[in-house]
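This report refers to the structure that appears directly beneath it.
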Amino acid sequence: DAKTTQPPSMDCAEGRAANLPCNHSTISGNEYVYWYRQIHSQGPQYIIHGLKNNETNEMASLIITEDRKSSTLILPHATLRDTAVYYCIVSGGGATNKLIFGTGTLLAVQP
Amino acid sequence: EAGVAQSPRYKIIEKRQSVAFWCNPISGHATLYWYQQILGQGPKLLIQFQNNGVVDDSQLPKDRFSAERLKGVDSTLKIQPAKLEDSAVYLCASGAGLSYNEQFFGPGTRLTVL
């Protein structure tokens, strides 16, 4: 079973920031928070990951609370092409650790 | 850099028939994964290879599903015989085996079993 809880859907206006929440209250000390997204009819795409510090890359920012029990993915200026299902996944580091996908959050960016 | 390639993109078969899917991972990636994604759900890991060895196949229905990764590069996933509930998208992913788990996914094969 997925170790995370996400809202099933969210809306965001084009050009505004999209803030996607995720609860992972049972996260262990050596587990990372990963975010992937899946655009319709495509395979999932890696976005970002973090352990305890906030992270930023060209796609998004990841804010992890100090107790690590929740996190927020931020898309700073959402576009229509960001409409997708966003998955928050908790997993240990390394390729031998599974990614267990839940049902994610469907983000609909509105024009 | 070329991405993960999969074929065919679509397949329609009758129940009890057999089917095979092919995956070519990103060059140099040691880890290869097969996932099953049923409509409305997230992908579910079926099997994971590290080079040509199986790391995890705990979710693979071994009475009908089989997978191999000869020479540690390409991989095939086979279903024999297919059931109606096997209708899904089959996704292949590969990873470089880094300290974190970034996986690169192919476009998937959509299987419909009638």
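Which residue out of B:Leu111, B:Leu70, B:Leu60 is of a type in the set (A, V, I, L, M), within 19 Å of A:His40 (Cβ to Cβ) and either more than 14 Å from chain A (Cβ to nearest Cβ) or under 11 Å from the mean Cα position of the chain (by Cα) (or both)?
Numbers: B:Leu70 fails: within 19 Å of A:His40 (Cβ to Cβ); B:Leu60 fails: within 19 Å of A:His40 (Cβ to Cβ).
Selected residue: B:Leu111, the only one of B:Leu111, B:Leu70, B:Leu60 that is of a type in the set (A, V, I, L, M), within 19 Å of A:His40 (Cβ to Cβ) and either more than 14 Å from chain A (Cβ to nearest Cβ) or under 11 Å from the mean Cα position of the chain (by Cα) (or both).
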Scan of region B:44-86 for residues that are free of Cβ contacts under 8 Å to residues at least 40 places away in the same chain, among the small types (Gly, Ala, Ser) and in contact with a strand residue (DSSP E or B) (Cβ under 8 Å, 6 or more places away or on another chain), ordered by number
B:Ser66, B:Ala67
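Could you please let me know if B:Gly53 is farther than 18 Å from B:Ile13 by Cβ, surrounded by 14 or more Cβ atoms within 10 Å (Cβ to Cβ) and within 14 Å of chain A (Cβ to nearest Cβ)?
Working: farther than 18 Å from B:Ile13 by Cβ: yes; surrounded by 14 or more Cβ atoms within 10 Å (Cβ to Cβ): no; within 14 Å of chain A (Cβ to nearest Cβ): yes.
In short, no.
Is it fair to say A:Pro111 is within 14 Å of chain B (Cβ to nearest Cβ) and touching a residue at least 12 places away in the same chain (Cβ under 8 Å)? Don't jump to the end; show me each part of the working.
Numbers: within 14 Å of chain B (Cβ to nearest Cβ): no; touching a residue at least 12 places away in the same chain (Cβ under 8 Å): yes.
Judged against the criteria, A:Pro111 is not a match.
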Those residues of region A:63-111 which are surrounded by 18 or more Cβ atoms within 10 Å (Cβ to Cβ) and part of a helix (DSSP H, G or I), in sequence order:
A:Asp82
Would you pick out the residues in region A:65-96 that are among the hydrophobic types (A, V, I, L, M, F, W, C) and either closer than 24 Å to B:Gly40 by Cα or more than 9 Å from chain B (Cβ to nearest Cβ) (or both)?
A:Leu73, A:Ile74, A:Leu75, A:Ala78, A:Leu80, A:Ala84, A:Val85, A:Cys88, A:Ile89, A:Val90
Collect the residues in region B:64-80 that are buried (at least 16 other Cβ atoms within 10 Å of the Cβ), touching a Phe, Trp or Tyr at 6+ places or on another chain (Cβ under 9 Å) and polar (S, T, N, Q), keeping them in residue-number order.
B:Ser75
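So how many residues does region A:84-104 have that are closer than 18 Å to A:Thr72 by Cα and either out of contact with any Cys (no Cβ under 8 Å at 6 or more places or on another chain) or of a type in the set (Lys, Arg) (or both)? Walk me through how you get there before you give the answer.
Residues of region A:84-104 that are closer than 18 Å to A:Thr72 by Cα, as a first pass: A:84-91, A:101-104.
So of that shortlist, the ones also either out of contact with any Cys (no Cβ under 8 Å at 6 or more places or on another chain) or of a type in the set (Lys, Arg) (or both) come out as A:84-87, A:89-91, A:101, A:103.
Going through region A:84-104 one residue at a time, the tally reaches 9.
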Can you spot a residue in region A:18-26 that is surrounded by 13 or more Cβ atoms within 10 Å (Cβ to Cβ), of a type outside the set (Asp, Glu), touching a residue at least 60 places away in the same chain (Cβ under 8 Å) and within 14 Å of chain B (Cβ to nearest Cβ)?
yes
Looking at (1) within 11 Å of chain B (Cβ to nearest Cβ); (2) in contact with a Lys or Arg (Cβ under 9 Å, 6 or more places away or on another chain), can you tell me which one A:Leu99 breaks?
(2)
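Only the coordinates and a few stated rules stand behind these numbers; no lab work does. Small disclaimer: the values here were computed from a predicted structure and weren't measured. Using ideal geometry, Cβ is built from the backbone for each residue, glycine included, and neighbour counts are taken over all protein chains shown.
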